[in-house]
Every structure is written in C-alpha cells, then in structure tokens.
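Working notes for the structure below.
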C-alpha cells in the first residue's frame, strides 16, 4: 500500500511474562526451546515396525493398513510413522538397516520421503503414490513394487 509502513519486532518475554527485547533474554529463550526439542526427540518412540526383511515399506497417516497389507503380501517389513515432527533420535540407524526403502504416500511431492532424506541423509529408493483424490489401491501398489524389484537394486 503506497505510503504504508511495516513494523516488525522480535519481542521476547522474560520469566515474569513481560516483554523484553534484550539479546540475553532472546538467547536464553532460544536455548530453552532447543533443549525442549532435544528432549522431545529423545522421548518420541521410533516408528512401529511390522514384518521382517531387508526391504521396507514406509507409510504415514491413513495408509497404514494398505501399506501393511502390501508389505505382508510381498514379504517386506513395514515402518509406519505416527509422529512426523520432530523425528525421533535413532531413526537414521533404524532406516539404515534396510537395503531398500519404499515410500507409499498419497501426494505427488512425496513429502515424507523428502523429509526423511533431509533429516537422515538416507535416500528412499522407490517413491510410490499419486494424488488422484481417491485412496491408494493395494493391488496397484503391489504390482508397482514387483515391477521395480524385477530390476536389480543398486546400493
């Protein structure tokens, strides 16, 4: 808006709840927030793992039972996330035990696969799913995974 002004501040609050703009209060509050986040990460359980195998299907949200059905049919492990943020401590070790990770998501951008790569450094080799406004189909997913796995998997 022409002639308008924009005002931004970085107000913090002190121990009594009053506004405080000092750098010291800002740093103390940031340290408290980071400490809380670290504690939360330590206390969030690792995702639920069902089945065994050196390949695992990863899912979150409402696709738990679809992914579980597909994993069971193909003899794969299934890892289901109930908590997406912050991710629990030790997740990289858990996911790193599998030679192939397959994400099943009902979105075109593969949000969970990208988050896992960003936070653990691990690549999700197969990313399945699309956003067509309908639930994922276990038969279609099983066929897609079989087609991927008919080709040699490179480490």
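The values are calculated or read from the model by the stated rules, or taken from the named source; none is laboratory data. Keep in mind that what you see is a predicted model, and the values were worked out from it rather than measured. With ideal geometry, Cβ positions are generated from the backbone for all residues, glycine too; neighbour counts draw on all protein chains shown.
Tabulated data
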{"item": "Among residues of segment 56-96, those that are closer than 15 Å to residue 113 by Cβ and touching a strand residue (DSSP E or B) at 6+ places or on another chain (Cβ under 7 Å), counted", "result": "12"}
{"item": "Spans of helices (runs of 4 or more DSSP H) in segment 1-106 with at least 2 residues farther than 30 Å from residue 134 by Cα", "result": "23-43, 91-96"}
{"item": "Any chance residue 118 is closer than 21 Å to residue 38 by Cα and either without any contact (Cβ under 8 Å) to a residue 12 or more places away in the chain or assigned by TED's automatic domain parsing to the domain that holds residue 39 (or both)", "result": "yes"}
{"item": "Residue 136 being under 23 Å from residue 42 (Cα atoms) and touching a residue at least 40 places away in the same chain (Cβ under 8 Å)", "result": "no"}
{"item": "Hey, residue 119 out of contact with any strand residue (DSSP E or B) (no Cβ under 7 Å at 6 or more places or on another chain), assigned to a loop (DSSP other than H, G, I, E, B) and loosely packed, with under 14 Cβ neighbours inside 10 Å or not", "result": "no"}
{"item": "Members of segment 20-48 that are more than 27 Å from residue 93 (Cα to Cα) and either surrounded by 11 or more Cβ atoms within 10 Å (Cβ to Cβ) or touching a strand residue (DSSP E or B) at 6+ places or on another chain (Cβ under 6 Å) (or both)", "result": "20, 25, 26, 27, 28, 29, 30"}
{"item": "Failed item, numbered, when residue 84 is tested on (1) at pLDDT below 85; (2) within 22 Å of residue 47 (Cβ to Cβ)", "result": "(1)"}
